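Novice: I'd like to ask you about the structure that follows.
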Amino acid sequence: MTSSSTPVPSQGDYPFTLQYLTPSPGSATTPSSGSTTLKLKKFIDKLIREDFNEGSEKQTLVLKKKKILSSTRGKHIEANIVEISEREKNKQVASQLFYQLVCLGKKSQECGFCVSVYSPPDYKKIKLFIDTGGAMGFALKKDEEISTAYWSIVSVFKNKHLFPSDFSGSALDYLMPKIVREGGRYLDCFNAKISAKLGLPFFYSKYDFKPVAKVAFDKNYQSGWDTTTRGEPDIIYMVYSVKFSTDMKKLSMIDKAAKTTELIDGLSLCKDSEAAEDIIQELQELNCDSPT
């Protein structure tokens, strides 16, 4: 279920600080006294390949917007989405880094209110993936009561200040294939309008995720939610489905949006426990193999 969001914390207790190379409004940080400066990508490379030395000097990690040529951007972006949580000794610093990046990404987007942020201790228990430039990422959480084979998708984010300047597509174009290959098969999201009057579930349906359950809005799901401007959108549970993908590919973009809305409108409001049962049933009945 969608978790309560958490504000960006002070970076004083972390072994690093994050700093935009070109300050972004309201988001620049000041390097710590005596810290060394390092590009985020190099820090991530070290995090993946070797155990982190907790006694090492505090580092300022530089966040820089990438420039990617149109002919290579797709392969380049996807190739740089890596897991940072594999090494057991690095899980704490990896969770702190992911937490900071998802908070910055959430803050950078007008639709950031839809992104759910967990605490660093919670992130320490799950799989964390980020683009090595910090432009986007996601996390995978295992709920064995629902599935021992597949993962729940949480904290999908994009930082518009870091996203490639020559790329006008969606971050989901590169995140979703990676998510599915890594075993991500189900998620929940707000049925909130985020672009051109289209709801968030539509954007996931484009990547073969089918609406299967609907739970009424609860302000406790997301702290600081402004019901005056954002309303009280239902929570939509979605499951990856090859059959749903086949059906949707036959439709135009307008018809896909209409189909997604039709499916959601056809769902009866249920409790969290009932939604979990619907997910289990869909995972058992649907062909959830990764696309080839």
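Novice: Using a 10 Å cut-off around each Cβ, can you sort PHE43, PHE190 from fewest to most neighbouring Cβ atoms?
Specialist: Listing PHE43, PHE190 from fewest to most nearby Cβ atoms yields PHE43, PHE190.
Novice: Moving on. For region 182-268, build the charge dipole from Cβ charges (+1 Lys, Arg; -1 Asp, Glu) around the Cα centre, then report which of TRP225, VAL212, TYR240 sits farthest towards its positive end.
Specialist: TYR240
Novice: Full extension from SER170 to ARG49: what is 0.36 nm times the residue separation minus their Cα-Cα distance, to one decimal in nm?
Specialist: Using 0.36 nm per residue and subtracting the Cα-Cα distance, I get 40.6 nm.
Novice: Report, in whole Å, the centroid distance computed from the Cα atoms of region 188-255 and region 114-161.
Specialist: 18
Novice: If we count other beta carbons within 10 Å of each Cβ, what is the order of PHE129, PHE113, fewest first?
Specialist: Taking fewest neighbouring Cβ atoms as first place, the list is PHE113, PHE129.
Novice: In terms of modelled amide H atoms, which long-range or inter-chain residues lie less than 5 Å from the amide H of LYS66?
Specialist: SER165
Novice: Quote the relative contact order of region 183-292 in percent (integer), defining contacts as alpha-carbon pairs under 8 Å separated by 6+ residues.
Specialist: 35
Novice: Go through 206-216, 255-265 and give me the packing order, highest mean Cβ count within 10 Å leading.
Specialist: Highest to lowest by the protection proxy: 206-216, 255-265.
Novice: Once phi is turned into ³J(HN,Hα) by the Karplus curve 6.51 cos²θ - 1.76 cosθ + 1.60 with θ = phi - 60°, what whole-Hz value does each residue of region 184-189 show in order, with x for glycine and proline?
Specialist: Ordered by residue, 3J(HN,Hα) equals x, 10, 8, 7, 9, 8 Hz.
Novice: List LEU61, LEU97 from most exposed to least, where exposure is judged by having the fewest other Cβ atoms within 10 Å.
Specialist: Ascending number of Cβ neighbours within 10 Å: LEU61, LEU97.
Novice: While we're looking at this one, here's another question. Students often check this: by mean Cβ neighbours within 10 Å, which of 103-112, 133-142 ranks highest, and how do the rest follow?
Specialist: Result, highest mean first: 133-142, 103-112.
Novice: I've got another one for you. For a quick check: with amide H placed at 1.01 Å from N, whose amide H comes under 5 Å from LYS210's, ignoring anything fewer than 5 positions away on the same chain?
Specialist: Excluding prolines and chain starts, which carry no amide H, the hits are VAL239, TYR240, SER241.
Novice: Sort the following peptides by mean Cβ neighbour count (other Cβ atoms within 10 Å, averaged over residues), highest first: 121-127, 47-53, 226-232.
Specialist: Output ranking for 121-127, 47-53, 226-232: 121-127, 47-53, 226-232.
Novice: Here's something else I'd like to know. In debye, nearest 20: dipole of region 183-292 around its Cα centre with unit charges on the Cβ of K, R (+) and D, E (-)?
Specialist: Roughly 520 debye, rounded to the nearest 20.
Novice: Once you put a point 7 Å from the Cα of ASP143 and another 7 Å from the Cα of GLU285, both along the Cβ direction, what distance in nm separates them?
Specialist: 1.8
Novice: Using the Karplus equation 6.51 cos²θ - 1.76 cosθ + 1.60 (θ = phi - 60°), what ³J(HN,Hα) coupling, rounded to whole Hz, does each residue of region 129-144 give in order, writing x for Gly and Pro?
Specialist: Rounded to whole hertz, the list is 10, 9, 6, 5, x, x, 6, 6, x, 6, 10, 10, 10, 8, 10, 5.
Novice: May I pose another question? Could you tally the net charge around ILE146, taking each other residue with its Cβ under 11 Å from the Cβ of ILE146, Lys/Arg +1 and Asp/Glu -1?
Specialist: Charge balance near ILE146 sits at -3.
All of the numbers you see were taken from the coordinates with simple rules; none came from a lab. Note that this is a predicted model, so its numbers are computed, not measured. So basically every Cβ, Gly included, is an ideal-geometry build from the backbone, and we count neighbours across all protein chains shown.
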